[in-house]
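Peer 1: First, the structure itself, so that you have it in front of you.
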Amino acid sequence: MTSMNLTFTPGALLRGRRAVVTGGVAGIGAAIARSFAAHGAHVLIADVNPIGDVDFDGAAGGRLDAIVADVCSSQVEPALVEHRPDILVNNVGHFVRAPQEFTADTAEQWAGLHEVNFAHALRLTHALLPGMTERGRGAVVNLTTVEAHRAIPGHTVYSAYKAALMQFTRSLAAEVGPAGIRVNAVAPDLIETAQVPYGDLVPEQDRALWPLWSPLGGPGKPEDVAGAALFLASDLSRFVTGSTIHVDGGTHGAGGWVPRPTGGWTNRPRNP
């Protein structure tokens, strides 16, 4: 660990750092990219969609660039390696389809879920780690999900690959820690995004039930996840590696228990 004195005062947490954020055009990825740039980092976004105008506070001297690239392709885009990042955020991933039983899945579906939720993170981390090792510092932040830690019937293979990403995070952290590189994960749940638009999914008459679904209510915002990623990318977490921060309003900590409207708790809710 690099010897340094930390001063816990407001300021730019990532000034002079360079970061790569995958899937950073919208949602959680965009919030992470903006927060990093606002804290002084030169951020390069890799996304299959072109980026539009991005608003962030540039007072700390940060910069935000983007390339159109599919990180799920078999080749790593050279520009990502040439950026020489100190920070890598493997944000790409999704499960957006209707639930179906595992026996109805196909090998083609497994392959697609493997690529978008796990394989690309292996490939990009593998490509960027040598540069971090050479510079003697680095931070990798992997976006997993609460379903890496609990069941999600109907999305069995998705949760398996996200759990694999969580275990990759832990094992790699042990391996590269002596080189000055930290590897951690963020596991969101109940975050309002274009992929999971709770504003549309939850009818207005049911929104008062949020306290029954999450100890902190909800839904959360992409900026809530960005705050955790910023902590893990910065020197504030210099002694943190191999860990997962759950940004979920408490759903993982509650372990499936929800309060009864009449008092007490249940893990077999009839309402909702």
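What follows draws every value from the coordinates through simple rules; no lab data is involved. Everything numeric in this text was worked out from a predicted model, so none of it was measured. Every residue, glycine among them, receives a Cβ derived from its backbone with ideal geometry; neighbour counts consider all protein chains shown.
Peer 1: Using a 10 Å cut-off around each Cβ, can you sort Ile51, Ile32 from fewest to most neighbouring Cβ atoms? Don't skip to the end; give the middle numbers.
Peer 2: On the way: Ile51 17, Ile32 32.
Fewest-to-most Cβ neighbours within 10 Å comes out as Ile51, Ile32.
Peer 1: Measure off 7 Å from each Cα along the Cα-to-Cβ vector at Asp200 and Thr106, then give the distance between these two points in nanometres to one decimal.
Peer 2: Going from the Asp200 label point to the Thr106 one covers 2.5 nm.
Peer 1: Same structure, new question: Between Asp53 and Asp235, what FRET efficiency follows from the Cβ-Cβ distance if R0 is 30 Å, with the result rounded to 0.05?
Peer 2: For R0 = 30 Å, the calculated efficiency reads 0.45.
Peer 1: Please tell me the relative contact order of the chain in percent, rounded to the nearest whole number, where contacts are Cα pairs under 8 Å and at least six residues apart.
Peer 2: Averaging sequence separation for qualifying contacts and normalising by length gives 18 percent for the chain.
Peer 1: PRE reach from Val81 (point 7 Å along Cα→Cβ): which of segment 102-123 fall under 18 Å by backbone N?
Peer 2: Only 120-123 pass the distance filter.
Peer 1: Same structure, new question: Whole-Hz ³J(HN,Hα) for each residue in segment 76-81, computed from phi via Karplus 6.51 cos²θ - 1.76 cosθ + 1.60 with θ = phi - 60°, x for glycine and proline: what do you get?
Peer 2: Per-residue couplings from phi come out as 6, 4, x, 4, 6, 6 Hz.
Peer 1: Next question. Return the long-range amide H neighbours of Asp86 (sequence gap of 5 or more, or a different chain), with a cut-off of under 5 Å between placed amide H atoms.
Peer 2: Amide H to amide H, under 5 Å and 5 or more residues apart or across chains, Asp86 pairs with Arg18, Ala19.
Peer 1: Okay, next question. Among [x] 50, 40, 35; [y] 53, 44, 33; [z] 56, 47, 39, only one was calculated for this model; which label is it, if the read-out is Cα extents along the principal axes in Å?
Peer 2: [z]
Peer 1: Which order do Thr144, Thr241, Thr262 fall in if you start with the one that has the fewest other Cβ atoms within 10 Å?
Peer 2: Going from sparsest to densest Cβ surroundings: Thr262, Thr241, Thr144.
Peer 1: Report, by chain and number, residues whose modeled amide H sits under 5 Å from the one on Ile245, excluding near sequence neighbours (fewer than 5 apart, same chain).
Peer 2: Ala185, Val186, Ala187
Peer 1: What distance in nm separates the simple spin-label points at Ser171 and Leu216, each placed 7 Å from Cα in the Cβ direction?
Peer 2: Going from the Ser171 label point to the Leu216 one covers 3.1 nm.
Peer 1: Then there is this: Taking the Cβ of Val71 as the centre, find all other residues whose Cβ is under 9 Å away and add up their charges (Lys, Arg: +1; Asp, Glu: -1).
Peer 2: Working: positive: Arg123; negative: Asp47, Asp70, Glu77.
Net charge in that neighbourhood comes out at -2.
Peer 1: If you don't mind, another one. From the convex hull of the Cα coordinates of segment 19-164, what is the mean projected area in square nanometres?
Peer 2: 9.3
Peer 1: Under a point-charge model restricted to the Cβ atoms of Lys and Arg (+1) and Asp and Glu (-1), what is the dipole moment magnitude of the chain relative to its Cα centre, in debye to the nearest 20?
Peer 2: So the dipole magnitude of the chain works out to roughly 840 debye.
Peer 1: Which residues make up the longest stretch of the chain clear of chymotrypsin sites (Phe, Trp or Tyr not before Pro) that lie in a DSSP loop with no more than 10 other Cβ atoms within 10 Å, not counting the sites?
Peer 2: Counting only loop sites that pass the neighbour cut-off, the longest clear stretch is 9-238.
Peer 1: Using just the C-alpha positions of segment 96-240 as equal point scatterers, what log10 of I(q)/I(0) does the Debye formula give at each q in 0.18, 0.20, 0.21 1/Å?
Peer 2: The computed values of log10 I(q)/I(0) come out as -1.15, -1.28, -1.34.
Peer 1: If you add up the charges near Ala151, with Lys and Arg at +1 and Asp and Glu at -1, over every other residue whose beta carbon is less than 14 angstrom from its beta carbon, what do you get?
Peer 2: Overall, the nearby charge balance is -1.
Peer 1: I've got another one for you. Points 7 angstrom from Cα along the Cβ direction at Ala127 and Ala208: gap in nanometres?
Peer 2: 5.2
Peer 1: While we're here: Taking the chain as the reference, fit the longest principal axis to its C-alpha atoms, fit the long axis of helix 156-176 to the helix C-alpha atoms, and give the angle between the two in degrees, 0 to 90, nearest 10.
Peer 2: 30
Peer 1: Still on this structure, I have one more. By counting other Cβ atoms within 10 Å of each Cβ, how are Met132, Met166 ranked from fewest to most? Spell out each step's value before the answer.
Peer 2: On the way: Met132 23, Met166 18.
Taking fewest neighbouring Cβ atoms as first place, the list is Met166, Met132.
Peer 1: Net charge within 15 Å of Ile181 by Cβ-Cβ distance, Lys/Arg positive one each and Asp/Glu negative one each, not counting Ile181 itself? Can you show the working numbers first?
Peer 2: Details: positive: Arg17, Arg18, Arg84, Arg135, Arg137, Arg170, Arg182, Arg238; negative: Asp86, Glu134, Glu175, Asp235.
Its environment carries a net charge of +4.
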